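The values are calculated or read from the model by the stated rules, or taken from the named source; none is laboratory data. Since we're looking at a predicted model, the values are computed, not measured. So basically every Cβ, Gly included, is an ideal-geometry build from the backbone, and we count neighbours across all protein chains shown.
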Amino acid sequence: MNLKIRTYREPSGQRNAVIVDSETGMPAFWPTLYVSSRLRAKGLAVNSVTSQLAAILCFYHWAEVRGINVESCIASGEGFSRNEIDTLVTLLRSRISDLPELISASSKVVKIGSTQPKPSDIWQILEEQPKQITPSTYNDRMVYVGNYVVWLCDYLSDQDGRALPEKRESIEKIGTDFRAILKSMKSVEPNTAFDASKSLINKDIRTILEIAKPQSPSNPWVGTPSQIRNFAIICVLLDTGLRTGELLSLKLKDIIMAKQGAKGLRVKRRQGSKDDPRKRQPGTKRSEREVPLSDGAFKALDLYVSSVRNTIEKASQTDYLIISVGNKSSGVPLSSITPITNSIRDRTGINLTPHRLRHTATWRYCVAQKKQGRKWDEFVEQLCLKFGWSSPESPSVRHYARRYLKDEMFELTIREQDKINAEMEAAVAAASQEIVNDN
């Protein structure tokens, strides 16, 4: 059995994911039924479904290595031993991309004087692999697998109408016991870095803006169109803190220019849009909202639209704001901005990710409120609305609440932020002038 996760786009525009046999292309029956009857019924986005399928895929890889037929084991009422469940943890801590190679390598282990690998040899190899996922991802996988096995046991217990009630209860108990054991094995590592800053320091922000500025000698991207687009992306994310999916889901009509001079972006949910050609459609995590834009970020975005996007012929075929430029896919909605932040990270050594730009924007907003002398309770609701959090009690909001109540170094941060805002606007003005001169 050679299973993998496949995502696809349905004719309706809805994105979906299934576990398939990579040799035959056929979907795995039980995981597919689980997706259609349970996960999609909850309205989960394809990324959430994929995360749960990744855990279920680990579960079936574990069963393969252990020589367990999952459905037969459950239907017989035999269930899983504690020792077997203990070994599941090893695979749940591994990256999905590493599993085929790990399992292939472990199956070739043969002790001297024997013809078949021993289970202890296989698990020794797997245990020695470095663990590449975070404790929170591991804990999520434990929940996902536990829920899947409970569902599978409940379903199989109803399959045989002639089974005695005691047999059905025994099968259902397999699921509840399995989930209880996994729950007891969840990671309880304390998050010692909860109060640590997740945002960029002012020096790093300056370095990033200087390198990302169009026409900069250190700019990592080839071609003025790519440089202008990527600079606009960095400025918008640094200013608004949009999530990646929110940025890539924007359309031209989502740019707000009010008569009173207010500028901003309208974040909308567009999951399942037929006009989006991307197989893995970017998702908007929370409710729709309007996000203000500073003058500097708006000018950078306007420069991209007027001098880059509007000059690409194929761009007229889509309404999406952020598109590919300078390659064979020019005019097609951009699928990821991670390569952009990776380019800056490789050039500068700064640990830059799209989500770190979100943290930075959030903290800069908090600093601006502190500059106005506002107390946390006076603007926390605005913070949630601006950055798309559902409640002031969410972990991310509490992280900033705890930081906000620490007064150290605020005055220095405020002065430095004013300089950065001025430098951002100067960079946009310089880039605009360069384009005028070139034309």
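So the check is Cβ under 6 Å with 6+ separation or different chains; which pairs have a first residue in the stretch 229-258 that's hydroxyl-bearing (S, T, Y) and a second one that's crowded, with 24+ Cβ neighbours inside 10 Å?
Partner pairs satisfying both residue conditions: S249/P282.
Do the conditions hold for V325, that is, is it surrounded by fewer than 19 Cβ atoms within 10 Å (Cβ to Cβ) and either part of a helix (DSSP H, G or I) or in the same structural domain as I420 (by TED's automatic domain parsing) (or both)? First the steps, then the outcome.
On the way: surrounded by fewer than 19 Cβ atoms within 10 Å (Cβ to Cβ): no; either part of a helix (DSSP H, G or I) or in the same structural domain as I420 (by TED's automatic domain parsing) (or both): yes.
No, not satisfied.
Can you name every residue in the stretch 331-347 that is closer than 24 Å to S218 by Cα and either outside any helix (DSSP H, G or I) or of a type in the set (S, T, Y) (or both)? Step through it out loud before you land on a result.
As a first pass, look at the stretch 331-347 and keep what is closer than 24 Å to S218 by Cα: 334, 336-347.
Residues satisfying the conditions are L334, S336, I337, T338, T341, S343.
Return the residues of the stretch 376-404 that are among the charged types (D, E, K, R), surrounded by fewer than 13 Cβ atoms within 10 Å (Cβ to Cβ) and touching a helix residue (DSSP H, G or I) at 6+ places or on another chain (Cβ under 9 Å); say none if nothing qualifies.
Matches in the stretch 376-404: E378 only.
Restricting the search to the stretch 249-268, which residues are in a helix (DSSP H, G or I) and touching a strand residue (DSSP E or B) at 6+ places or on another chain (Cβ under 7 Å)?
First, pick out the residues of the stretch 249-268 that are in a helix (DSSP H, G or I): 252-254.
Listed by number, the list holds a single entry, D254.
Please find, within the stretch 185-214, the residue that is modelled with the lowest pLDDT out of those that are closer than 22 Å to W363 by Cα and of a type in the set (S, T, Y).
Residue satisfying both the conditions and the ranking: T192.
Exactly one of (1) hydrophobic (A, V, I, L, M, F, W, C); (2) under 30 Å from R402 (Cβ atoms); (3) in a helix (DSSP H, G or I) is unmet by I350. Its number?
(3)
Under the condition of being of a type in the set (A, V, I, L, M) and closer than 20 Å to F387 by Cα, which residue from the stretch 257-282 is modelled with the lowest pLDDT? Show your work before the answer.
Residues of the stretch 257-282 of a type in the set (A, V, I, L, M): 257-258, 262, 265, 267.
Then keep just the ones that are closer than 20 Å to F387 by Cα; that gives 257, 262, 265, 267.
Values: M257: 86, A262: 83, L265: 95, V267: 92.
Per the criteria, the residue is A262.
Considering only the stretch 421-438, how many residues are buried (at least 16 other Cβ atoms within 10 Å of the Cβ) and either of a type in the set (V, I, T) or within 30 Å of the chain's Cα centre (by Cα) (or both)?
Number satisfying all stated conditions: 4.
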